[in-house]
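The values are calculated or read from the model by the stated rules, or taken from the named source; none is laboratory data. If you're wondering where the values come from, they're calculated on a predicted model, not measured in any experiment. Counting neighbours? That spans all protein chains shown, and the Cβs are built from the backbone with ideal geometry, glycine included. Surface areas here come from the heavy atoms of the whole protein model, side chains and all, with no ligands, DNA or RNA. Shrake-Rupley method; radii C 1.70, N 1.55, O 1.52, S 1.80 Å.
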2 protein chains.
Amino acid sequence: MGSNNLRQLNIDNINPHVREAKYAVPGELAVRSEEYRALLAAGSTKLPFKQVISANIGNPQQLDQKPLTFFRQVLSILENPALLEKSDVLVNQLDYKPDVLERAKRLLAAVGSVGAYSASNGAPAIRQSIADFLERRDGFPADQANIYLSAGASSGVNTLLHVICANDKSGILVPIPQYPLYTASLSVLNAACVPYLLDEHRNWGTSLETIKAAREKAKAEGINVRAIVIINPGNPTGASLPEEDIRAVIEYASQERLVILADEVYQTNVFVGEFISFKRMLRQMQQEQPGKFDQVELASLHSVSKGMVGECGHRGGYFELVGFDPEVQAEIYKFVSIMLCAPVIGQCLVELMVNPPREGEPSYELYTKEYNAIFNGLRERATALHKAFEQMEGVECGAPQGSMYLFPTIKLPPRACEAAAAEGRTPDEFYCMRLLEATGVCVVPGSGFGQKEGTLHFRTTFLAPGTEWVGSIVKFHNDFMNQYR
Amino acid sequence: MGSNNLRQLNIDNINPHVREAKYAVPGELAVRSEEYRALLAAGSTKLPFKQVISANIGNPQQLDQKPLTFFRQVLSILENPALLEKSDVLVNQLDYKPDVLERAKRLLAAVGSVGAYSASNGAPAIRQSIADFLERRDGFPADQANIYLSAGASSGVNTLLHVICANDKSGILVPIPQYPLYTASLSVLNAACVPYLLDEHRNWGTSLETIKAAREKAKAEGINVRAIVIINPGNPTGASLPEEDIRAVIEYASQERLVILADEVYQTNVFVGEFISFKRMLRQMQQEQPGKFDQVELASLHSVSKGMVGECGHRGGYFELVGFDPEVQAEIYKFVSIMLCAPVIGQCLVELMVNPPREGEPSYELYTKEYNAIFNGLRERATALHKAFEQMEGVECGAPQGSMYLFPTIKLPPRACEAAAAEGRTPDEFYCMRLLEATGVCVVPGSGFGQKEGTLHFRTTFLAPGTEWVGSIVKFHNDFMNQYR
């Protein structure tokens with residue numbers, strides 16, 4: 001129509017910071033995997049595999065993971081409170097236990113209707129329930145006034161980065177490899193991402209020397225480094241940080257006055273040792289050395305998206321602020337008010353997550369059974385994958401520790417790297433593309449998360465059901481190595 | 001603790017643009033009204049009223065408005081699909097009609113689980129259903145690829161402003177009075193709000209002369225005016241724009257290459273004439289004068305929050321793009337991807353809103369009855385309020401046209417203005433505070449939305465049940481005028 005140049009907006013005059021943001025919007029791999037899925041659904045027999053395995057995204061309920069019955073029963077009543085008028089039918093014919101009805105009544109009393117706006121920071125009763133959970137989890141008090149419900153943890157991160165980043169010289173320490181939410185959000189905000197490498201040789205732990213060096217380098221470039229992001233358990237690394245790493249980060253943040261942004265959405269996905277929250281460790285250090293850590297500012301994020309809950313489509317989450325200036329908190333409150341409030345049904349799901357059925361309550365047995373089955377299934381598949389990686393030439397991978405991911409290193413022969421270059425791909429992209437073509441297994445190349453120069457990785461979830469696909473990766477890898485040796 | 005000055009963040013060094021944003025976070029009036037409510041709940045008999053009427057926020061289900069049964073029954077199944085295994089119980093004992101079950105099945109097939117992420121722009125089948133609705137509504141084709149599901153319309157506005165505003169010289173024409181989402185979002189983005197006054201004497205319609213003058217003035221100040229916001233039906237004005245105003249805006253936007261942001265969330269709240277969408281009018285003008293309006297860029301927003309649906313707590317909404325450059329659309333897609341996707345249960349509610357039961361279907365009768373009762377209730381209360389305003393000295397208010405609000409002008413005696421100044425309040429704030437104290441009715445002073453210099457208003461919703469409170473406003477007003485005459 002020749003009207004393109006008459007438009008107000010084009011790629012060269014929109015917000016340059018939105019344009020600069022890198023976010024692997026269904027990349028070529030994901031698009032290709034969906035094409036394969038469509039072909040298979042249409043009955044094609046031309047592909048060398050019978051199903052597509054989406055090991056590329058942490059989207060549990062898209063794969064095998066079933067929602068927890070107690071949660072969904074309560075939510076069904078919140079959506080249709082008229083059901084409470086037929087409580088006998090619910091109990092006698094639909095397997096709703098009395099504690100389901102009771103919880104639904106309590107939540108309805110707290111929010112009125114899930115169709116009404118709540119307070120901008122979330123319904124007060126839900127904030128209180130989260131505070132109670134934090135006290136139980138950490139053994140230290142928590143105040144509902146410091147808790148903010150959000151539409152998933154992503155929205156919480158967006159809020160916090162918006163407030164912290166004052167201008168283009170504001171810098172945030174971000175782990176590499178990382179979940180791209182952080183780099184993308186910082187691009188949009190036109191603030192500086194200050195990357196620090198995680199230590200693959202220490203199971204992707206934090207290295208204080210590396211963090212220090214990254215901060216010093218940024219400082220020398222005129223960047224005002226204001227905060228440090230920690231993802232624990234890690235995405236994409238699957239690491240679960242040991243106490244010494246957490247202590248060292250808090251110590252350093254205290255000394256250099258860095259806000260700690262603790263992304264703890266995988267806190268229940270821990271297979272080795274126990275999850276240690278930054279809040280608990282901070283409070284413990286404050287007790288051990290009175291006065292020394294009083295000024296530490298910590299924001300800790302959690303979500304219904306991961307763990308055994310796996311309800312990412314509900315966009316529920318919260319963050320707790322510790323040690324923040326009340327005036328700054330008032331600005332955070334104002335900021336979240338502009339978007340009115342987090343989805344109320346998602347807020348209710350957060351409440352269910354932090355306050356599940358307890359021993360002795362009618363829904364406890366089923367809840368525990370379902371919860372443990374998911375946990376054990378994840379651990380088994382993680383172990384199977386890890387074993388497979390151990391058999392694979394040139395592949396190294398630490399034992400599964402937590403979250404939903406493994407992030408193995410792959411060493412590819414020079415001829416594979418040349419073939420990748422000839423296709424205009426990085427070697428890890430090339431490898432993942434061949435893997436998809438041969439097996440139907442879709443994983444994400446390490447370059448999507450950032451990796452140390454000269455190293456190659458891929459991230460795979462261990463959410464997909466069965467272990468047959470794991471065998472197919474091993475076979476592919478052998479063939480690939482033989483082809484390019 | 002003396003540790004304040006050791007913190008990284010304080011009010012003076014956080015993001016100044018967040019700080020500058022004005023958003024009436026529960027202002028003094030709302031806080032006071034909640035205090036009164038708590039006093040009454042605790043049995044206090046010291047107040048001159050028996051209940052607090054929250055006429056300050058468009059939060060239908062916090063007040064009288066009941067959710068529509070069909071919608072909530074479907075949502076209850078989406079939350080607990082196990083209910084479908086007992087469809088006989090649902091139908092025979094819980095009054096679920098067969099079309100409820102069928103719709104739930106269809107939506108579950110479309111999204112898999114409401115606990116799973118959808119595509120970033122929304123589930124494809126839901127986008128298609130919205131496109132079908134737009135075709136029925138406007139009589140012109142709509143393409144699902146141009147539709148983006150969002151967490152309420154607010155989140156859609158946030159996305160669009162983020163992409164359109166390239167730097168601090170980017171300006172957006174915003175109606176005054178306006179819903180403060182626009183000014184607040186523009187502050188956060190550090191872009192320029194270019195205010196244009198609505199014409200109170202023409203029932204708060206748009207005046208092209210005023211818009212032109214506002215744009216010219218901004219241009220002279222070095223602002224690159226890129227878009228115009230239209231809220232139709234209006235918030236806070238309650239206006240429903242006539243065809244001639246819409247045509248004039250499109251004509252002007254075409255001529256000056258302005259993106260049109262049509263906030264049409266109140267499109268079903270129309271009491272006078274019919275709602276005319278910008279999309280329909282644009283397509284009609286393109287037919288009438290082929291080629292002339294091809295380059296117009298229009299984004300139209302809708303939401304489940306208002307209308308007879310009133311489900312604001314669910315944070316469901318969408319926007320449709322018309323005439324946007326595909327490269328710009330790709331950036332919009334990337335931007336929404338960073339936050340993953342809109343709440344999936346909210347997306348399903350959007351689908352229900354745009355595709356409600358049809359004549360002949362089992363749920364149609366009840367749906368229509370409920371829908372009409374809400375519509376008629378709103379109209380009756382709007383009329384009662386308007387009649388009351390007509391009796392009040394110094395108050396002028398156009399007949400109710402649409403949305404959920406009336407926005408009367410009030411002329412206050414000089415002594416009232418002096419008394420306000422003595423309290424450090426604007427006269428409209430002073431009036432609203434006295435109204436709350438005397439009657440328990442909470443409304444919002446016009447200064448919260450912007451008003452022509454030298455004029456005073458307040459905004460009231462007509463959502464609150466009953467009409468007794470309307471009488472109490474009349475009585476208060478007489479007393480107030482007598483006191484300050």
Subject >> Summed buried accessible area for A+B [probe radius 1.4 Å, Å², rounded to 100] >> reply: 7900 Å²
Original post:
Any idea how far apart residue B:355 and residue A:383 come out in nm if each label point goes 7 Å out from Cα toward Cβ?
Top reply: 4.5 nm
**OP:** Report the calculated FRET efficiency for residue A:219 and residue B:20 (r = Cβ-Cβ distance, R0 = 25 Å), to the nearest 0.05.
**Re:** 0.35
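Under a point-charge model restricted to the Cβ atoms of Lys and Arg (+1) and Asp and Glu (-1), what is the dipole moment magnitude of chain B relative to its Cα centre, in debye to the nearest 20?
Numbers: 46 positive and 55 negative charges, 147 e Å.
It works out to roughly 700 debye.
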Original post:
Once Rh is set to the Kirkwood radius over Cα pairs, what Stokes-Einstein translational diffusion coefficient, in µm²/s, holds for segment B:180-231 at a temperature of 10 °C and a viscosity of 1.306 mPa s?
Top reply: 133 µm²/s
**OP:** Pick out, in residue order, every one of the GluC sites (Glu not before Pro) in segment A:296-376 that is DSSP loop and has at most 11 other C-beta atoms within 10 Å; say none if there are none.
**Re:** A:359
Subject >> ³J(HN,Hα), Karplus 6.51/-1.76/1.60, whole Hz, each residue of segment B:403-413, x for Gly, Pro >> reply: 6, 10, 10, 10, 9, x, 7, 10, 9, 9, x
Subject >> Under-5 Å amide H pairs with residue A:259, H placed in peptide plane, nonlocal only >> reply: A:227, A:228
Subject >> Two-site FRET efficiency, residue B:287 against residue B:369, from Cβ-Cβ distance with R₀ of 41 Å, rounded to 0.05 >> reply: 0.60
Original post:
How much of the accessible area of the protein assembly as shown, in percent, comes from carbon and sulfur atoms when a 1.4 Å probe is used?
Top reply: 51 percent
Original post:
Any idea what the alpha-carbon Rg over 2.2 N^0.38 Å comes to for chain B?
Top reply: 1.02
Original post:
Could you give me the ³J(HN,Hα) list for segment B:84-91, computed from phi with Karplus coefficients 6.51, -1.76, 1.60 and θ = phi - 60°, whole Hz, x at Gly and Pro?
Top reply: 5, 6, 10, 5, 5, 5, 4, 6
Subject >> Inter-chain Cβ neighbour average for residues B:56-67, partner chain, 10 Å >> reply: 4
Original post:
residue A:418 label point, 7 Å along Cα→Cβ, cut-off 15 Å on backbone N: hits in segment A:450-485?
Top reply: A:483-485
**OP:** Kindly rank A:225-238, A:123-136, A:204-217, A:252-265 from highest to lowest mean number of other beta carbons found within 10 Å of each residue.
**Re:** A:225-238, A:252-265, A:123-136, A:204-217
Subject >> Helical contribution to [θ] at 222 nm, DSSP H n ≥ 4, -39,500 (n - 2.57), averaged over chain A, rounded to 500 >> reply: -14000 deg cm²/dmol
Subject >> For residue B:135, label point 7 Å along C-beta direction: distances to other copies, nm >> reply: 5.8
Original post:
Inter-copy label distances at residue B:42, 7 Å along the Cα→beta-carbon direction, one decimal in nm, shortest first?
Top reply: 6.9
Original post:
For segment B:88-192, what value does the Rg/Rh ratio take when both radii are computed over Cα atoms and Rh is the Kirkwood radius, given to two decimals?
Top reply: 1.14
Original post:
Out of every Cα pair in the protein assembly as shown, what percent are spaced more than 53 Å from each other?
Top reply: 16 percent
**OP:** Would you mind telling me the antiparallel percentage of the DSSP bridges in the protein assembly as shown, rounded to 5?
**Re:** 50 percent
Original post:
Excluding ligands, DNA and RNA, what is the solvent-accessible area per residue of chain A at a probe of 1.4 Å, expressed in Å²?
Top reply: 37 Å²
Subject >> Cα-projected label distance for residue B:46 with residue B:391, points at 7 Å along beta-carbon direction, nm >> reply: 3.2 nm
Original post:
Can you list, shortest first in nanometers, how far residue A:391 lies from the same residue in the other copies, with each label 7 Å from Cα toward Cβ?
Top reply: 8.6
**OP:** Collect residues whose amide H, placed 1.01 Å from N in the peptide plane, falls under 5 Å from the amide H of residue A:296; neighbours closer than 5 in sequence don't count.
**Re:** none
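Report, in debye and to the nearest 20, how large the dipole of the protein assembly as shown comes out about its Cα centre when Lys and Arg carry +1 and Asp and Glu carry -1 on their Cβ.
40 debye
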Original post:
Quick one: which of B:300-307, B:171-178, B:81-88, A:190-197 comes out on top by average Cβ neighbours within 10 Å, and what's the full order, highest first?
Top reply: B:300-307, B:171-178, A:190-197, B:81-88
